[in-house]
Structures are given as C-alpha cells and as structure tokens.
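Contents: one structure, followed by commentary.
No lab work stands behind these numbers, since they all come straight from the coordinates. Since the structure is predicted, the reported quantities are computational estimates derived from the model, not experimental observations. In this analysis, Cβ positions are derived from the backbone assuming ideal geometry, glycine residues included, and neighbour counts consider all displayed protein chains.
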Amino acid sequence: MSPGILRLFLQFLVLFPRSQDCALSGTRAWNDQLINVLPNCEVAASSPDGRRHVQIDPSGRISVATTPNRTVPGNFKPVDPPAMFSWAPNSRAFFVNDGEGSGQTSVFRMFKISGAQISEDSAIHQAVVTIFRGIKKCESRAVDPDVWGFGWSTDGKRVYLLVQTTIHEPCGRPASFVSFVVNVGDGKVIERFSESRTRSTFHRLLPPAVIKYE
C-alpha cells in the first residue's frame, strides 16, 4: 500500500472508529459505484434491477434475498470491515473489498449470480495478483499485493481493479500500483494500465490520494 493509500485508510479509520455512527455505513466510498461497510454495522444494498438485496450484518455475515424475501443459497466467509461494496450495473454480480479488519489491506471478493444460485469466485483476485507479482519480479517472501475493485463497465461485464504493494514486505516498489480491466464472466484480463495511465483514465473513480500521489 502506498503512502497515499495508507493515509486514505488511516483517515478512514479515524473518521469511522469501531464505535462510529452506523448511519454512515452504506454511504458513498471512492465513487458513486462503491459504498462503505463499517465495523460492527449493518449495510444493505439493492441490485440495480431491484430484484435482489444484499445485507452484511454487524458480524460481517453476507446474505442475499430476492423479492419477495427468499434467501439465495450461499455460505460465505464473513466480511471483516472496514470494507467497500459494489453491485454490477447488470445486477448479475457484486464485489466486496475486504479490509480484513484493519483497512490497511484489501482482498477483492467477487460474487456471481446465476439464476437462484450465488457463488464466490476468487479467480479474478488470484489472476491479477499473479500478473502483478510477475511484472514486479517479486521475491517469493514478498506479501501479495492489495486488490481493490473500484468500478464496472456500463454493461456490468467488466470490472476495474487497482492492485498495489503492501506496507510490510512489499511486492515491488512501495508506492507502485497498476490497474486492470477484467472480464467478469471468465476472469480474463482485458487490459493492464500503468500508474500514469491509471491516473489519466480512471481519475474520476479513484480517490485523490491515488491520483495526486507521485
């Protein structure tokens, strides 16, 4: 995690301590496609088509209900906030940026919906981590980079990811990051963006700490 991102999340934790006002859970995060998931708070988000409703309870458990009030099968690892949540525009998927309790790291968790079934798919996270480690020529002892989803294509078929080195035992230069456009259906990487291209292409979706940090 770069100093810019680190400052961003430390500010997040100061603003939203574990005794925070839970009315702030579900508010806008980096952009209009992302909402905050705060520790010990509930958050609920309806899909763009209004047919499904995701709820993350204060213990981090994820449940998905359809209208009228039928729970979609699924047994998922609880989210450990602070985190961020986002629905795909086509309502066929959603993701969670899981902060794993500290907010100083992020694991990208993709959930796909097919009919009455919902499944978590770790392939996208693993694919971009593998590519990042390769291009940065990371040592085997280096910690995997952090991965954040930060947006979708308008049809919901592609997801945008920011991949960045961690604070401790970083994989590559501490401030380094790249971004990816990934196909949701098969997890294939469509395009990779350098730091400069990330800033110029996605400046409206990323926080100022990323855009301004050099």
### Message
Projecting each Cα onto the charge dipole of the chain (Lys/Arg +1, Asp/Glu -1 at the beta carbon, about the Cα centre), which of Gly151, Val96, Val37 comes out farthest on the positive side?
### Response
Gly151
### Query
Which cross-chain or sequence-distant (5 or more) residues have an amide H under 5 Å from the amide H of Arg52, H modelled 1.01 Å from N in plane?
Ser47
### Query
Tell me, Ile35, Ile167 in order of fewest to most beta-carbon neighbours within 10 Å?
Ile167, Ile35
#### Entry: Label-point separation, Ser46 to Ala123 (7 Å along Cα→Cβ), nm
3.2 nm
### Message
List the residues, sorted by chain then number, that are 5 or more residues from Gly101 or on another chain and whose placed amide H is less than 5 Å from its amide H.
### Response
Asp80
### Query
Over the chain, what is the relative contact order in whole percent, taking alpha-carbon pairs under 8 Å and six or more residues apart?
17 percent
### Task
Calculate, in nm to one decimal, what Lys112 and Gln55 gain on full extension: separation in residues at 0.36 nm each, minus their alpha carbon distance.
19.0 nm
### Potential extension, Ile167-Glu191 segment - 0.36 nm per residue separation minus Cα distance
6.1 nm
### Charge dipole magnitude, Cβ of K and R +1, D and E -1 - the range 3-212, Cα centre, debye nearest 20
480 debye
## Note on the structure
Toy charge model, Lys and Arg Cβ at +1, Asp and Glu Cβ at -1: the range 149-214 dipole around Cα centroid in debye, rounded to 20, equals 160 debye
### Kirkwood Rh and Cα Rg combined as Rg/Rh, the chain
0.95
### Message
Can you compute the FRET efficiency between Thr130 and Lys157 using 1/(1 + (r/R0)^6), with r the Cβ-Cβ distance and R0 = 30 Å? Round to the nearest 0.05.
### Response
0.85
### Task
Assuming R0 = 25 Å, can you tell me the calculated FRET efficiency for the pair Ser200 and Asn75, based on Cβ-Cβ distance, to the nearest 0.05?
0.05
### Query
What size of dipole, in debye to the nearest 20, comes out for the range 122-163 about its Cα centre when the only charges are +1 on Lys and Arg C-beta atoms and -1 on Asp and Glu C-beta atoms?
140 debye
### Message
Sort 158-165, 52-59 by the packing proxy (mean of other Cβ within 10 Å over each peptide's residues), most packed first.
### Response
158-165, 52-59
### Query
Just going by the charge dipole of the range 3-212, with Lys and Arg at +1 and Asp and Glu at -1 on Cβ, which of Phe111, Ser25, Cys138 is farthest out on the positive end?
Cys138
### Message
Quick check on the exposure proxy: order Ile135, Ile124 from fewest to most C-beta atoms within 10 angstrom.
### Response
Ile135, Ile124
